[in-house]
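Read-outs: derived from the displayed coordinates by stated rules, not from any lab. Because the structure is predicted, anything quoted here is derived from the model rather than measured. Please note: Cβ atoms are built from the backbone with ideal geometry, for glycine as well, and neighbour counts cover all protein chains shown.
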Amino acid sequence: MLMLGIDLGGTDIKFGLVDKSGRLIHKTKYPTHAHLGFEGVMQRVAEFAREVIASHDVAGIGMGVPGPMSSALGIVYEAPNLPGWENVPVRDHLQTLIGLPVVLHNDANAAAYGEFWAGAGRGCSNMVLFSLGTGVGGGLILNGELYSGPDDTAGELGHIPIDYNGPPCNCGSRGCVEAYASATAIRRIVREALAKGVETSIRIPKGEEETFGARLVYEAALAGDAFAKQVLYDVGKALGIAAAAIINILNPERIIYAGAMIGAGEFIFAPLREYARTRSFRRPAQRAQILIAELGADAGIIGAAGLAFQAFGC
């Protein structure tokens, strides 16, 4: 018996067939074509899902979608990268189109469950996932269960405040870890430094001022650029302070980091471990393992399928 995991993003829709052990036996992806709006995108999801599940014994579907939602109601309240997705009944609509039961979750929560079930979180009962990308997302596994809270908003780890006088965050607050440790934050910090004439070898390609990646900073750090090293150190420091808060509040066994920015390696993880340890209580800090995610871009589809196995009692 298999479950179909779907990870819906603004650019791509990723599909995977997953067995009960968490093994991904087939995966594929298609462009989302978000400009088609809710109905158009859902028709694409259903069409491609039928192709993927043809000739397989698929019991149900788990789907991860970005943005605020109600998993219990199967409604997405809004999805910033999917135009026209406001208060849309994703679960019921997809069930009608395909004829299989569907469970709906936030994409970051699905990825966290994937790592817990089949990745770096295997064998533990309490773990936290930080997803480092354009923003900083996350998910919580408490006592072996995904915890999303009564409003499905738990796990917004990017909005742990670490400096009440810090820079503005997109959420409307100030000093959130996302304002220091996301790809968006790195771009802002580098642009501001270059405008001030800071000495660095970093040069932003023309036309990429709003889109250049953290790899540009990582490569400069590898070459010995002191400013680049400091930028990445400060990212690690911010993440470490946030991890210390999590350690003191939740006493997790593992804190797992996913996303493209983990490629910066020890430039980020050395200060992260240092600040996580020195800013939290000693005993829970010793217990909490700081690990890199294992499933990569597959975490969301594996986790969505795993949540379907759980929801449907299979």
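For the reader, a short list of remarks on this structure follows.
- Looking at region 120-293 alone, DSSP beta bridges between its own residues are antiparallel in about 55 percent of cases.
- Structure-derived Cα extents along the principal axes in Å - corresponding label in [x] 49, 47, 41; [y] 56, 45, 36; [z] 59, 49, 33: [z]
- Note on the chain: GNM, Cα springs under 10 Å; of Gly60, Gly259, Gly224, the largest mean-square fluctuation is that of Gly224.
- Rough spin-label spacing in nm, given labels placed 7 Å along Cα→Cβ, for Thr96 and Cys314: 2.3 nm
- With helices as the sole contributors, the chain gives -12000 deg cm²/dmol at 222 nm; each DSSP H run of n ≥ 4 counts as -39500 (n - 2.57), and the sum is divided by every residue.
- Computed magnitude of the charge dipole of the chain (debye, nearest 20; Cβ of K, R +1, Cβ of D, E -1): 860 debye
- Estimated translational D of region 31-94 in µm²/s (Stokes, Kirkwood radius over Cα pairs; 4 °C; 1.567 mPa s): 104 µm²/s
- Fraction of antiparallel bridges per DSSP, region 1-96 only, in percent to nearest 5: 75 percent
- Here the average projected area of the convex hull drawn through the C-alpha atoms of region 120-293 stands at 10.5 nm².
- For region 237-307, fraction of C-alpha pairs farther apart than 21 Å, in %: 31 percent
- Global geometry of region 180-268, whether rounded, prolate or oblate, following the gyration tensor of its Cα atoms and the 1.5 cut on a/c: prolate
- Note on Arg188 and Gln289: their simple-model spin labels are 3.5 nm apart, each label 7 Å out from Cα toward Cβ.
- For the chain, lysine pairs with C-alpha atoms less than 26 angstrom apart, excluding pairs fewer than eight positions apart on the same chain, total 8.
- Using Cβ point charges alone (K and R +1, D and E -1), the dipole size of region 186-296 about the Cα centre works out to roughly 440 debye.
- Residues considered: Gly74, Gly64, Gly37. Largest GNM mean-square fluctuation over the chain, using C-alpha springs under 10 Å, is found at Gly37.
- Bridge type composition, the chain - antiparallel percent by DSSP, nearest 5: 60 percent
- For the chain, the longest principal axis of the C-alpha atoms and the axis of helix 299-311 are separated by about 50°.
- Listed residues Ala214, Ala299, Ala72, most fluctuating in the chain (Gaussian network, C-alpha, under 10 Å): Ala72
- Rounded to 10°, Cα long-axis angle of helix 226-250 versus longest principal axis of the chain: 60 degrees
- Put a dot 7 Å past the Cα of Asn165, heading toward its Cβ, do the same for Met1, and the two dots end up 5.9 nm apart.
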